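The values are calculated or read from the model by the stated rules, or taken from the named source; none is laboratory data. Everything numeric in this text was worked out from a predicted model, so none of it was measured. Backbone-built Cβ (ideal geometry, glycine too); neighbour counts: all protein chains shown. For the accessible areas, the whole protein counts, side chains as well, though only heavy atoms, and no ligand, DNA or RNA atoms are used. Shrake-Rupley method; radii C 1.70, N 1.55, O 1.52, S 1.80 Å.
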Amino acid sequence: MTVVRLTSPPSLAPLLARGALLSPLKRVKEGAVAPPTRLVLPDAPVDPARLAAYRAVCGFPDTAAELPVTYPHILGFPLAMRLMAAQSFPLPLLGLVHTSLTVDQHSPIRSGERPELTVYAEKLAPHRRGTEATLVTEARLAGELVWESRSTYLARHPTSYATPPAEPCTPAEPLPVRAEWPLPADLGRRYGTASGDRNPIHLHPLTAKAFGFPRAIAHGMWTVARCAAEHGTEGSVRVQAKFKAPVLLPGRVTYGAEGERFELRGAG
C-alpha cells in the first residue's frame, strides 16, 4: 500500500479534464484490481459558502452546528476524483454510475472542525453490467475515526460474468408517502456546483445521452442526502442506500418513510 499525504485538496477541474481525456483510452479487463494507493489530507477545510449551498440544494437546515451526515463525502470527493482520474485506475471516469452508499457516522463533525481524510479504492468486483469499484472515505479528529463511508461505482461494459437466474419475488409495498418533490431540469447543475461533482450524465440531456441515458439524471448522492435531510440523521447513525434506477430530470418523486426505512420513488 502506498500512502500519499496531500497539503491541500486537489483541484477538481484539472482532474475532470484528465479523467475525460484518459477515459476513451481505458479498456476494462475482467480481473482488474484496485490501485494500492491511499490519499490522506491531514487538515480538510470546510468552505462556509459551499456548505451553505449544499445545505440549500439538499434541504438540510442552515442553522445546524454539525455537518450534514453526507457532507464528509463531499469533502473527500476531490481525493476520490484524484484516485479515479489517475492512469493507474482501471475504470474510465466518464460514465461511472454511483450504485450504493453506506455511511457510518460514529460522532458528528462540527462545522468549524477540520478532519483528516483518507480515501482509497478497496476493491473491484465483477457486475452483471460491467465492473464495480468500492471506494472508502474515512474522517478522523485527533486520530479518532468519527465518520466513514463505502461507495460503489459501476463502469458499464460487455462482460462474460454469468447473471444468476432471477428468483420469483413479490414487489415490496411502497412505504407511506411523506412528501412529494418536483425536480427541476437544472438540479444536477446546482448540485454539481455545490458538491464539485460535475459528471456529464447529471448536467445536460445531450451529455447524458452520450452515456446511454434519455436525459440528465440526478446525482445519487443528492437523492440520499435529500432523504437524510427529510428523515433526520443526527448523532451516531448508519445510513445505507441502494440506487435502483436513474432519477430523470426534470421529474417528480415521492419520499416514503416508516421507522428507520426510507425510499424515493417515481411519482407515477
- [ ] Please tell me if G196 is closer than 23 Å to W147 by Cβ, in contact (Cβ under 8 Å) with a residue 12 or more places away in the chain and surrounded by fewer than 16 Cβ atoms within 10 Å (Cβ to Cβ).
- [x] no
Task: Residues satisfying the stated conditions in the range 86-115, i.e. at pLDDT 95 or above and within 14 Å of D197 (Cβ to Cβ) - done: L101
Open item on the list: A56 - would you say it is without any contact (Cβ under 8 Å) to a residue 40 or more places away in the chain, of a type outside the set (F, W, Y) and in a helix (DSSP H, G or I)?
Closed with: no
- [ ] Identify, by number, the condition in (1) open to solvent by 30 Å² or more (accessible area, probe 1.4 Å); (2) under 30 Å from K26 (Cα atoms); (3) in contact with a Phe, Trp or Tyr (Cβ under 8 Å, 6 or more places away or on another chain) that P36 doesn't meet.
- [x] (3)
Task: Selection count, the range 39-50, where residues are farther than 14 Å from R5 by Cα and either charged (D, E, K, R) or crowded, with 24+ Cβ neighbours inside 10 Å (or both) - done: 2
Task: Long-range neighbours under 7 Å by Cβ, at least six apart or interchain, first residue within 18 Å of T99 (Cα to Cα) and of a type in the set (G, A, S) within the range 205-222, second in a loop (DSSP other than H, G, I, E, B) and open to solvent by 10 Å² or more (accessible area, probe 1.4 Å) - done: A208/R215; A216/L203; A216/H204; A218/V247; G220/F243
Task: Hits in the range 51-65 (condition: surrounded by fewer than 22 Cβ atoms within 10 Å (Cβ to Cβ) and modelled with pLDDT of 95 or more) - done: L51, A52, A53, R55, A56, V57, G59
Task: Qualifying residue in the range 247-257 (condition: closer than 18 Å to A52 by Cα and surrounded by 17 or more Cβ atoms within 10 Å (Cβ to Cβ)) - done: no
Task: Subset of the range 202-234 [in a helix (DSSP H, G or I), under 15 Å from A179 (Cβ atoms) and small (G, A, S)] - done: A225, A228, A229
